[in-house]
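Working notes for the structure below.
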Amino acid sequence: MQVADIRSKFLEFFEQKGHTIVRSSPLVPGNDPTLMFTNSGMVQFKDVFLGTDKRPYNRATSVQACLRAGGKHNDLENVGYTARHHTFFEMLGNWSFGDYFKRESLKWAWELLTVVYGLPADKLLATVYMEDDEAYDIWTKDIGLPPERVIRIGDNKGGRYMSDNFWMMADTGPCGPCSEIFYDHGDHIWGGPPGSPEEDGDRFIEIWNNVFMQFNMLADGSVEPLPAPCVDTGMGLERLAAILQHVHSNYEIDLFANLIKAASRETGCTDLKNPSLNVIADHIRACSFLIVDGVIPSNEGRGYVLRRIIRRAIRHGYKLGCRKPFFSKLVKDLVKEMGAAYPDLAAKEAIVTQTLYTEEERFFETIANGMDILDAELAALPAGGTLSGDVAFKLHDTFGFPLDLTADVCRERDFTVDEAGFDTAMNAQKDASRAAGKFKMNASISYDGAKTDFQGYSHLTIDGAKVTGIYIDGV
Ligand code: ATP
Ligand code: MG
Ligand code: MG
Ligand code: MG
């Protein structure tokens, strides 16, 4: 089943169950200046859960464009290393706003997966929150999943409700247990079931998270029941597609196979299994969709996340032998794959291509010199050594190497970077320039009316509010 069919079957299924189809919202959340990017389908409904927004429907479904790079959920470092993570991905979701609850949610999820998509029931497992007997009983009694394939999760790390299967939007407010569905790709792939020490392998892949918003958490950590429990679910389209197309990696699905072929054409790398091609194929999606949604490369905030992703892609192209712009040439291939589902992408092809080309030209001016320095520094380190923060900072300051790009190169060769040393060098430079009064650090930009202050990777504030991101399930 092709990606386009998977999307439409999902929406049709929930439409038949009384859900209103809602369009994907932009990657830059319009209703939440504290959130860097839309990282799940529920973002556009956040105010509905909080009770400050009302919709003309109480059941909704969508295919949401999501980005997990920067902010609370950051999968940038996973791309190129796992079979299941992207920066940009599509999340299939369904919601109940005070309408149906656990039983319908889980039964429909099961029906969709096993009947509509035809997944073999014996390859599916579910997790439930440790104390959630109701969800456990629905799985084992109503749906008939054997008890050994329903795993209770919840290790109380950091407090009573802090667990992989307990979802909280913030420290207080709506929250509740969740139940996740996993698929077993087979014992020829390394990995263990959820909750086991090998759970991070690629064998058991999490495909669908069903969150039951059931409580209101109070400041003292206790919970009271919500007057109207809600459901919030999210399933990764690419992960489902991998199963339905009988491949074990998201990067082998139809959409990615075509993008990887295009990346191979532009980079000249004929080994289609080369992880750099995966990174480039992933990043062309993230970068193009960010530009479509109005983000422009810059040194601050969201624009800097975009710049970092672009430069990371270029570095992988450089590794494959590219010495001039190649990345922007993939936009047309992306439009071929995704333009029908996302008409804005097709409409903005020219501006996306031009924006990426300009960034590429600029970074190709400095990347060779920076890479020569980095290569020499790493060659001088003992095996498993640490690159100094000063060198990482010099690469950043003089050659435009974002810290995560340098860290990616180091990781490939089993080195690490002294990130604290990098921050120290960065701060020392800021202090020095402030003291010299040579120029004023212009660390504030206006983005969509919100003032964005970039103070390092983990300290972004927008309009004075610390960016927290949305906490999905503790992962
Ligand atoms: P994982 O544990 O694999 O990182 P997660 O628990 O962070 O996933 P959720 O926040 O529960 O994911 O999001 C709901 C669903 O979205 C997941 O079950 C998965 O199918 C999909 N998903 C999450 N992150 C990614 C990603 N980076 N790339 C592709 N799909 C993703
Ligand atoms: Mg999850
Ligand atoms: Mg998870
Ligand atoms: Mg995750």
Ignoring ligands and nucleic acids, what accessible area does Arg434 show with a 1.4 Å probe (Å², nearest 10)? 150
Once both axes come from the Cα atoms, what is the angle between helix 102-111 and the longest principal axis of the chain, in degrees from 0 to 90, rounded to 10? 80
Please work out the ratio of the alpha-carbon Rg of the chain to 2.2 N^0.38 Å and round it to two decimals. 0.99
Between the Cα axis of helix 254-267 and the main Cα principal axis of the chain, the angle (0 to 90°, nearest 10) is 10
Please list log₁₀ I(q)/I(0) at q = 0.12, 0.20 Å⁻¹ for the range 1-135, using the Debye equation with identical point scatterers on the alpha-carbon positions. -0.57, -1.41
If you scale each eigenvalue of the Cα gyration tensor by 5 and take the root, what three semi-axes come out for the range 126-275, rounded to whole angstrom and sorted largest first? 35, 18, 14
Pairs beyond 31 Å (Cα-Cα), from Lys348/Lys430; Lys319/Lys394; Lys9/Lys123; Lys17/Lys54: Lys348/Lys430
Relative contact order for the chain using alpha-carbon pairs under 8 Å, separation at least 6, rounded to a whole percent? 15
Nearest 0.05, what FRET efficiency do Ser8 and Ala436 give at R0 = 60 Å with Cβ-Cβ as r? 0.50
With each pseudo-label sitting 7 Å past Cα toward Cβ, what's the Lys336-Thr20 distance in nm, one decimal? 3.9
To the nearest 10 degrees, how steeply does helix 419-436 sit against the main Cα axis of the chain, on a 0 to 90 scale? 50
Simple SL model, points at 7 angstrom along Cα→Cβ for Ser196 and Thr386; separation in nm is 3.5
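Based on the alpha-carbon gyration tensor of the range 340-446 and its eigenvalue square roots a ≥ b ≥ c, which shape applies: rounded if a/c is under 1.5, prolate if not and a/b is larger than b/c, or oblate?
On the way: a/c = 2.33, a/b = 1.33, b/c = 1.75.
Here the range 340-446 falls in the oblate category.
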Per the 1.4 Å probe, what fraction of the accessible area of the chain, in percent, lies on carbon and sulfur atoms? 51
Separation of alpha-carbon centers, the range 1-67 and the range 328-371, rounded to whole Å: 27
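The values are calculated or read from the model by the stated rules, or taken from the named source; none is laboratory data. This one's a predicted model, so the numbers in the text were calculated from it and none came from an experiment. Quick reminder, even Gly has a Cβ in these numbers, built from the backbone with ideal geometry, and neighbours come from all protein chains shown. Surface areas here come from the heavy atoms of the whole protein model, side chains and all, with no ligands, DNA or RNA. Shrake-Rupley method; radii C 1.70, N 1.55, O 1.52, S 1.80 Å.
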